[in-house]
Amino acid sequence: MANQEDLFKKIIAHAKEYGFVYPSSDIYDGLSAVYDYGPNGSELKKNIRDYWWKAMVQMHENIVGIDAAIFMHPTIWKASGHVDAFADPLIDNKDSKKRYRADVLVEDHIAKLEAKIDKEIEKAQKRFGDAFDVQQFKDTNPRVLENNKKIEEIKHRLYPAMEKNDMAGIKQLIEDLEIVDPISGSKNWTEVRQFNLMFSTQLGSTADSASEIYLRPETAQGIFVNYLNVQKTSRMKIPFGIAQTGKAFRNEIVARQFIFRMREFEQMEMQFFVQPGTEMEWFKYWKEERMKWHLSTGIDKSSFRFHDHDKLAHYANAATDIEFAFPIGFKELEGIHSRTDFDLGAHEKFSGKKLRYFDNELNESYIPYVIETSIGLDRMFLAMMSAAYTEETLEDGSERVVMKLPPFLAPTKVAIFPLLKKDGLPEKAREILTMLQEDFMCFYEEKDTIGKRYRRHDAIGTPYCVTIDHQTLEDNTVTIRERDTMKQDRISIDEIRGIVSQRLRER
Ligand code: GAP
């Protein structure tokens, strides 16, 4: 655990030092849970966004994209349930003065009980070796049974209390479980109260004519309210999808995990409209498709897992998370939700406009059901950074940090180095830069030794470095050095494009 915490700190420091992510308003000491992306970060983020868009829109003839405004009619958030239900239960500890999400305190308590169960299983596995039957052990071991019973009892109280907005019930649960503040160890808690996560602002210039509007807390509603426009203008037939990427805003209560939980972040969402009754089939389909997409980045499948929801959001009849093994533990990276006809139905009611689809095959009209895939771009960025960050000790005993990003996502594809700053080498190197930069993001550098330049590009994940030396002027060959193997080859200038292109196609 300490190692993982260490790793997380190292990734945050590396992200800043190498121009991936800076605290927002850094010269003013930052703004809590808001971050800016630097030159390498914005490039990596764009590449991830493009990769998602390609997989979802370009590769599906029945999915189209939109780019809706952040400001939306305030009634939309009433209809969607966000005004009334998009709130987290908040609790303060009077001694540490720290604020927590009350449900997360209870869930952390459950996680501790689950960890105890895992430990029992691990111990028994060691004791019994190959003959060990996990299921039988879980079904019969008294300590496992007792902890499972406790977990069930807690869930049985927590979820209905959350459902019914029973803040007193949640407070009672925290007291009964004797949950202490993780920092002060104190049980001196305030009452639990609801805290709406939406940011609001005023639209209009004069105080009396201005109306209160919200910064969207999810991009999905921009898709729902454009459903009819898109379906008609693109002549889409069910089943079909609408995709969108863009900023979302949430006034998160607890946000101290770098870009994992931000107050301003970016989502990549797709709503897939289907015939009522077929939603579970499509839910399963998108679960599998999205997992395949994650695995196509080359990250090992042991870093991902599904987590089916026990507690469903107000709009869902099935939901699962794709969790990723972040340095802070397995946490939600993407949500796949079966949202029924909740949103379109609510917008029909609140707007007074019919949002039905006439199905020629069934010869009837209905409000489509929706399967949603929703991933945080910043979380995907953090997943890629976490998986890529590698510390290596080389044969000569020196150390290097290398970001083993998939080449197609790397911010720079080719770094171009003249060996010396003289003898016509920079001019030749710039010729090669001009030749390649049409096709690839390139970086030209002539300062420092070649070794130092290699290290800098290892640290940002550049797959190839090309060095121009005196021999280049004679025979048009260069040295190309590959990031992961550090292998160097002498090749002709004409071969560079082919080698790099080939590598970028690897999935
Ligand atoms: N439209 C459904 C929706 O918004 P969600 O589970 O609340 O569902 C979807 O959010 C995804 O957005 C999450 O899986 C996560 O990747 C990302 N996300 C949510 N809140 C975030 C935050 N505060 N900071 C960064 N990413 C966040």
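Can you give the Rg/Rh ratio of the chain, where Rg is from the C-alpha atoms and Rh is the Kirkwood radius? Rg divided by Rh gives 1.02.
Equivalent ellipsoid semi-axes for region 69-228, as square roots of 5 times the alpha carbon gyration tensor eigenvalues: give them largest first, rounded to whole Å. Don't jump to the answer; show the numbers that get you there.
Values: eigenvalues 366, 96, 35 Å².
Semi-axis lengths for region 69-228 are 43, 22, 13 Å.
Taking each residue as 0.36 nm, the span from SER24 to THR140 lengthens on full extension beyond its C-alpha to C-alpha distance by 36.5 nm.
By accessible area of protein heavy atoms, probe 1.4 Å, what ranking do ARG127, ARG400, ARG261, ARG193 get, highest first?
The residues order as ARG127, ARG193, ARG261, ARG400, largest area first.
By the rule of a C-alpha distance below 16 Å, with chain neighbours fewer than 8 residues away ignored, the lysines paired with LYS421 are LYS447, LYS452. Evaluating 6.51 cos²θ - 1.76 cosθ + 1.60 at θ = phi - 60° for every residue in region 122-129, the Karplus couplings come out as 4, 4, 5, 4, 5, 5, 8, x Hz, glycine and proline recorded as x.
Between GLU289 and ASN226, the FRET efficiency from the beta-carbon distance, with R0 = 25 Å, is close to 0.65. For region 14-20, backbone phi angles converted through the Karplus equation (6.51, -1.76, 1.60; θ = phi - 60°) give residue-by-residue couplings of 5, 4, 6, 4, 9, x, 8 Hz, Gly and Pro being listed as x. In this label model, SER234 and ASP166 are separated by 4.4 nm, measuring between points 7 Å along each Cα→Cβ vector.
With all protein chains present and a 1.4 Å probe, how do HIS337, HIS314 order by accessible area, largest first?
From most accessible down to least: HIS314, HIS337.
In this rough spin-label picture, where each label sits 7 Å from Cα along the Cβ direction, the LYS54-SER302 distance is 2.9 nm.
Taking 0.36 nm per residue of separation and subtracting the Cα-Cα distance, full extension of the segment from ARG400 to GLN194 would add 69.4 nm.
Pull out the extension gain between ASN476 and LYS126, defined as 0.36 nm times the separation in residues minus the alpha carbon to alpha carbon distance; nm, one decimal.
Length difference between fully extended and current span is 119.9 nm.
Could you rank MET262, MET486, MET280 by how accessible they are, 1.4 Å probe, largest area first?
Details: MET262 10, MET486 60, MET280 90 Å².
Descending accessible area places them as MET280, MET486, MET262.
In this simple spin-label approximation, ASP423 and LYS150 carry label points 7 Å from Cα along the Cα→Cβ vector, and these lie 7.2 nm apart. With contributions of -39500 (n - 2.57) from each DSSP H run of at least four residues, the per-residue ellipticity at 222 nm computed over the chain stands at -12000 deg cm²/dmol. Measuring only protein heavy atoms, the 1.4 Å probe finds GLU495 accessible over about 90 Å².
The values are calculated or read from the model by the stated rules, or taken from the named source; none is laboratory data. Note that the structure is a prediction, hence the values are computed from the model and not measured. Neighbour counts are summed over all protein chains in view; Cβ atoms, including those assigned to glycine, are modelled from backbone coordinates with ideal geometry. For accessibility, only protein heavy atoms count, side chains too; no ligands or nucleic acids. Shrake-Rupley method; radii C 1.70, N 1.55, O 1.52, S 1.80 Å.
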